[in-house]
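Chemist: Attaching a single structure in structure tokens format; questions to follow.
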Amino acid sequence: MNPTVKTAVFWVVMLCTAVLLWRVVQTGGTAGEKNLTFTEFYKEVQSGNVESVTITNSIQVAGKFRSGNETLKTVLPSDYPDIINVLQDNGVTIEVKESSTPAWLSFLINASPFLLLVGFWIFMMRQMQAGGNKALSFGKSRARLLTSQQKKVTFEDVAGAEEAKEELQEVIEFLREPQKFQQLGGRIPKGVLLVGSPGTGKTLLARAVAGEADAPFFSISGSDFVEMFVGVGASRVRDLFEQGKKSAPCIIFIDEIDAVGRHRGAGLGGGHDEREQTLNQLLVEMDGFDSNEGVILIAATNRPDVLDPALLRPGRFDRRVVVNRPDVRGRAGILGVHTKKIPLATDVDLNVLARGTPGFSGADLANMVNEGALFAARQNRKVVTMHDFELAKDKVLMGAERRSMMLTDEEKKNTAYHEAGHALVAALVGDADPLHKVTIIPRGAALGVTMQLPLVDKHTYELDFLKGRLTILMGGRVAEELFLEHVTTGAGNDIKQATEMAHQMVCEWGMSSIGPLTFGKKDEQIFLGREIAQHRDYSEATAIKIDTEVSNLVTSAYDRAKKIITENSDALVRIAEALLEREVIDGDQVLALVEGRELPDIPTPPEPEEESDTPDQEAVTPETSTGSDVPGLSEGSEPSPA
């Protein structure tokens, strides 16, 4: 039963209890009422003290004294006609009334306290055994069964993960036609593990499987198994699979399985760890002594590296489906799914948007579409234009603008020359992604941003590209030193990124004179920090070489940036002045300034459109921007190797 319904039933029972008890009290007696035995009543009648009586049924009589307001009550014997004669002889007025309350209702009213207590006791016992967070149901599974009445998500609502859909489609066919595979000796896979970065659509794929499959679908989170009480997690695993066996063939989906599936034996408190007991029970249920035929387990995680090897072996999770970030075709498909219910202007090209959003996950694209719709709504437009999507893309990439943040003229100048240094080096270094946009409007946590977007999706990075990236990171600090004659803390994040990237080039990617070697093992334990878990597997002499190589990479990038800026100092000044005047310039404008060309006048921003009953308004022409088809990396984002 729904918790809201349970609460409503409880309060209805309590209200009925209160009303019936009040009725009992009301009928139980009133002030000024006197109960007499029949003998006492007879004496009062013969003494002439009774003025009138009212007979309401065959045995009950209510009388009234001649003096005072006191009322007497008594019960007549079976030969009450003789009593009537006595009443008449003594001048008592007799009135006969039909009882307003049936006998059965009178009995019910009298017995209501006992009946209500029994009913309340039964209600509370059922509540305690029904499940949820009650005292007797800690070991019950919290899995939710998706029914056919709920809104379904199908594979038509999933784009950008065609390979994953094919793998899962086969699982659905196993459930629909098991004999098709069994006649060839095949068996249904016991487990499918969905692996991918956050936001790539793992949970959405599982929901689509639930919508496509005709089998029961149980959904639960990994954190729902473990409670503060010992043994609860293992008990819930047992109960979950018992429910699955009763509904077989069925699908069980566990989201974020790394909450219970981490490596065993890594804790500091011995072997009796609650999480390990839960994992042990899960391993037994998936492939133990008792078979669970017809129960398919689908799990999702973005940390497959921390899962226990026993969980990943064939026979438990037979298949590992990798859900990667979508490519350009996948992004176009995802944008098409999310813009189905959004009115688009005629200038919107989803393919252009897809090319301009490399590295975006499905969640990023959904957020961008939503932000574009919000931008259009703020301008009172009836359709979403390409300009709205460009603004939304910049917000997702660089963060929201903080125009209310007050900067002094000196800080604006520092930021302008710093970002101009990045932009100039990015435009001339050669081995770098094209410039997308440069701004000195504070966005997110940064005072200024230089954004680059790659032309195509990249999965590996060459040495020259990484060296060019280091050079671009050094451009801001060099510009401060040469043109402002001082340095600021604004380059702190650039220096941190450059140092970390150079360290990776030496210790992980083998891009130094030391050779193709890796240094520093990362045996990260479950309950220990990353720094504690890392340990050096090289000598002190090798550590000195590593430090020297890292320093040489960063220093050479600094010298290269200094040379580029010194040889093109006039161009840097033009870029900085344009930033101070316009606050935002795009990649084409930076190239024009480098070549010495004048920029066109600042375009007038589009006026908000008036409210209109006509839904098909002409789309607003977007401002000049090359970011829609010039993809890449933003400043502050570190390229990661494939």
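Chemist: How many residues are in contact with a His (Cβ under 7 Å, 6 or more places away or on another chain) and either more than 19 Å from residue 409 (Cα to Cα) or touching a residue at least 60 places away in the same chain (Cβ under 8 Å) (or both) if we restrict to segment 457-488?
Modeler: 4
Chemist: Among the residues of segment 338-355, which ones are open to solvent by 30 Å² or more (accessible area, probe 1.4 Å) and out of contact with any helix residue (DSSP H, G or I) (no Cβ under 6 Å at 6 or more places or on another chain)?
Modeler: 340, 341, 343, 344, 346, 349
Chemist: Now for a separate question. Tell me, please, whether a residue that is modelled with pLDDT of 80 or more and closer than 22 Å to residue 261 by Cα can be found in segment 173-191.
Modeler: Within segment 173-191, one or more residues are modelled with pLDDT of 80 or more and closer than 22 Å to residue 261 by Cα.
Chemist: Under 8 Å between Cβ atoms, at least 6 apart or on separate chains: pull out the pairs that start in segment 428-443 with a residue that is closer than 14 Å to residue 397 by Cα and among the hydroxyl-bearing types (Ser, Thr, Tyr) and end on any residue that is open to solvent by 20 Å² or more (accessible area, probe 1.4 Å) and outside any loop (DSSP other than H, G, I, E, B).
Modeler: From residues that are closer than 14 Å to residue 397 by Cα and among the hydroxyl-bearing types (Ser, Thr, Tyr), the pairs are 439/584.
Chemist: Any residue in segment 561-587 that is among the β-branched types (Val, Ile, Thr) sitting within a Cβ distance under 9 Å of a residue that is open to solvent by 50 Å² or more (accessible area, probe 1.4 Å)? List the pairs, counting only those 6 or more apart or interchain.
Modeler: From residues that are among the β-branched types (Val, Ile, Thr), the pairs are 564/428; 565/482; 565/483; 566/482; 573/483.
Chemist: Something else about it: Given the options 471, 488, name the one that is hydroxyl-bearing (Ser, Thr, Tyr), crowded, with 18+ Cβ neighbours inside 10 Å and in contact with a helix residue (DSSP H, G or I) (Cβ under 6 Å, 6 or more places away or on another chain).
Modeler: Answer to the check: 471.
Chemist: On to the next question. Every residue in segment 319-337 that is open to solvent by less than 50 Å² (accessible area, probe 1.4 Å) and either touching an Asp or Glu at 6+ places or on another chain (Cβ under 8 Å) or not in a helix (DSSP H, G or I) (or both), please.
Modeler: Within segment 319-337, 321, 323, 326, 330, 337 meet the criteria.
Chemist: Taking residue 604, is it modelled with pLDDT of 85 or more and either among the hydroxyl-bearing types (Ser, Thr, Tyr) or in contact with a Lys or Arg (Cβ under 7 Å, 6 or more places away or on another chain) (or both)?
Modeler: When the stated conditions are applied, residue 604 does not pass them.
Chemist: Looking only at residues that are of a type in the set (Gly, Ala, Ser) and out of contact with any helix residue (DSSP H, G or I) (no Cβ under 6 Å at 6 or more places or on another chain) in segment 391-437, which one is surrounded by the fewest Cβ atoms within 10 Å (Cβ to Cβ)?
Modeler: 404
Chemist: Related question: Just checking, how many residues over segment 340-369 are over 15 Å from residue 200 (Cβ atoms) and in contact with a Leu (Cβ under 7 Å, 6 or more places away or on another chain)?
Modeler: Final tally of qualifying residues: 5.
Chemist: Take residues that are charged (D, E, K, R) and free of Cβ contacts under 8 Å to residues at least 40 places away in the same chain and tell me which of the helices (runs of 4 or more DSSP H) falling wholly in segment 170-265 contain 1 or more.
Modeler: Output list reads 178-182, 232-246.
Chemist: Somewhere in segment 562-579, is a residue within 18 Å of residue 437 (Cβ to Cβ), over 43 Å from the mean Cα position of the chain (by Cα), open to solvent by 40 Å² or more (accessible area, probe 1.4 Å) and modelled with pLDDT of 50 or more?
Modeler: Checked against the condition, which is being within 18 Å of residue 437 (Cβ to Cβ), over 43 Å from the mean Cα position of the chain (by Cα), open to solvent by 40 Å² or more (accessible area, probe 1.4 Å) and modelled with pLDDT of 50 or more, segment 562-579 yields at least one hit.
Chemist: Next question, about the same structure. Could you list all residues from segment 326-354 that are more than 22 Å from residue 376 (Cα to Cα) and touching a Lys or Arg at 6+ places or on another chain (Cβ under 9 Å)?
Modeler: Matches in segment 326-354: 328 only.
The values are calculated or read from the model by the stated rules, or taken from the named source; none is laboratory data. Worth saying up front: this structure is predicted, and the values here are computed from it rather than measured. Ideal geometry is used to build each Cβ from the backbone, glycine not excepted, and the neighbour counts take in all protein chains shown. When the accessible area is computed, the model is the full protein with side chains, heavy atoms only, and any ligands, DNA or RNA have been set aside. Shrake-Rupley method; radii C 1.70, N 1.55, O 1.52, S 1.80 Å.
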